[in-house]
Amino acid sequence: MYGWIWRHLPGNVWVKLLVSVVLVLAVVYVLFQYVFPWAEPLLPFNDVTVDNQ
Amino acid sequence: MAATADENEETEESTAAPGPEPAGRRRRPGRIAQAVSVFGELLITVGLLLGLFVVYSLWWTNVLADRKADKQAEKVREHWARSTDTGPGALDTKDGIGFLHVPAMKNGSVLVEKGTSTDVLNNGVAGYYTDPVEAVLPMTGKKGNFALAAHRDGHGAKFHNIDKLRKGDPIVFETRDEWYVYKVASILPETSKYDVGVVDAVPKESGWKKPGHYITLTTCTPVYTSRYRYIVWGELVRVQKVDSKRTPPAELR
């Protein structure tokens, strides 16, 4: 999977490395900005109140 | 990490390819081997995702929440500074009603806002209960329970050190005009999340029998989970007027 992505990146090793770093950062950004905030309330880690539900 | 590993693999492959040996077997792994390798990479990906989620919930949410809470606190302070007259503004609940200082928790001042929904608490503040029991605010002067909730971990983690509180420790609530000094009276280190009685006007488990000026802090326990709730009860000892320099009461010095 990762090997396939690496082979399909353009340019020489350094360009590939740069593109991969950018890709990784983009993935982390999307996760922190959209995916995790969406997933967090669905997980039972952060309820602090007492309630009837 | 993955990138460098792949890089090595590829250079190895490309040097092996032009060789006269029958390198075909190495270049084209069998279907099963391919499937296993994809599966392995998926597992690594899942591991990285979970690791990132931990970083997100224990660090990044704190950064965001503290930033928001600081901004909001500044707004409230500004608000107070502008309206020095004692008017109905003293009970303005829109931006936040005051600040909670708990020296034993070593977390500075915590802004207190209305409500205990995640929308409120995720901003790095403590919220006072409106449901299932409406908290009685100390400014009203009425007897009742000033029940608060805040996060134990992530989103500012304002009550992270709640377990450091001991009987007799001060809990000070600061409003525009007054310091309300409470002393911890009793602690319930573990209770069910359905135990709504802890925020009652006279909580049964606290040992109090008569209504009084009480404060209740609730958060989740043990740390990093929300299996149970941790409860701290305090009773009002005295009320001190805020002076022109906002000198903190002796308990905070």
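The values are calculated or read from the model by the stated rules, or taken from the named source; none is laboratory data. In this text the structure is predicted, and so the values were computed from the model without any measurement. Here the Cβ is made from the backbone with ideal geometry for all residues, glycine too, and neighbour counts use every protein chain on show.
Annotations
- Taking the numbered list (1) closer than 25 Å to A:Ser20 by Cα; (2) surrounded by 14 or more Cβ atoms within 10 Å (Cβ to Cβ); (3) at pLDDT below 55 in turn, B:Ala90 passes all entries but (1).
- Meets criteria (touching a Cys at 6+ places or on another chain (Cβ under 9 Å), modelled with pLDDT under 95 and crowded, with 18+ Cβ neighbours inside 10 Å) for B:Ser226: yes
- Test for B:Ile44: is it in a helix (DSSP H, G or I), at pLDDT 90 or above and within 23 Å of A:Lys16 (Cβ to Cβ): yes
- Top-ranked residue in region B:12-26 [being away from every other protein chain (no Cβ under 12 Å) and in a helix (DSSP H, G or I); ranked as modelled with the highest pLDDT]: B:Arg26
- A single member of B:Ala69, B:Ala104 is surrounded by 20 or more Cβ atoms within 10 Å (Cβ to Cβ) and in contact (Cβ under 8 Å) with a residue 60 or more places away in the chain, and it is B:Ala69.
- In the condition set (1) under 30 Å from B:Val223 (Cβ atoms); (2) polar (S, T, N, Q); (3) in contact with a helix residue (DSSP H, G or I) (Cβ under 9 Å, 6 or more places away or on another chain), A:Ser20 is compliant with all but (1).
- Filter result for A:Trp14 (within 19 Å of the chain's Cα centre (by Cα) and either within 9 Å of chain B (Cβ to nearest Cβ) or exposed (fewer than 15 other Cβ atoms within 10 Å of the Cβ) (or both)): no
- Given (1) under 28 Å from B:Val63 (Cα atoms); (2) surrounded by fewer than 15 Cβ atoms within 10 Å (Cβ to Cβ); (3) hydrophobic (A, V, I, L, M, F, W, C), number of the condition B:Ile231 does not satisfy: (2)
- Residue match in region A:17-27 (condition: exposed (fewer than 12 other Cβ atoms within 10 Å of the Cβ) and facing chain B (nearest Cβ under 7 Å)): no
- Residue within region A:20-41 that is acidic (Asp, Glu) and farther than 19 Å from B:Val46 by Cα present: no
- If you go through region B:155-203 and pick out every residue that is outside any helix (DSSP H, G or I), buried (at least 17 other Cβ atoms within 10 Å of the Cβ), within 14 Å of chain A (Cβ to nearest Cβ) and not charged (D, E, K, R), you end up with 8.
- Test: B:Ser206 is of a type in the set (Gly, Ala, Ser), closer than 24 Å to B:His151 by Cα and within 12 Å of chain A (Cβ to nearest Cβ): no
- Considering region B:218-253, the residues that are hydrophobic (A, V, I, L, M, F, W, C) and within 10 Å of chain A (Cβ to nearest Cβ) include one that is nearest to the chain's Cα centre (by Cα), namely B:Cys220.
- Cβ-Cβ under 6 Å pairs, at least 6 apart or on other chains, region A:27-48 side in a loop (DSSP other than H, G, I, E, B), far side of a type in the set (A, V, I, L, M) and surrounded by 13 or more Cβ atoms within 10 Å (Cβ to Cβ): A:Val48/B:Ala149
- Answer residue from region B:113-154, given it is within 14 Å of chain A (Cβ to nearest Cβ) and of a type in the set (Val, Ile, Thr) and is surrounded by the most Cβ atoms within 10 Å (Cβ to Cβ) among those: B:Val125
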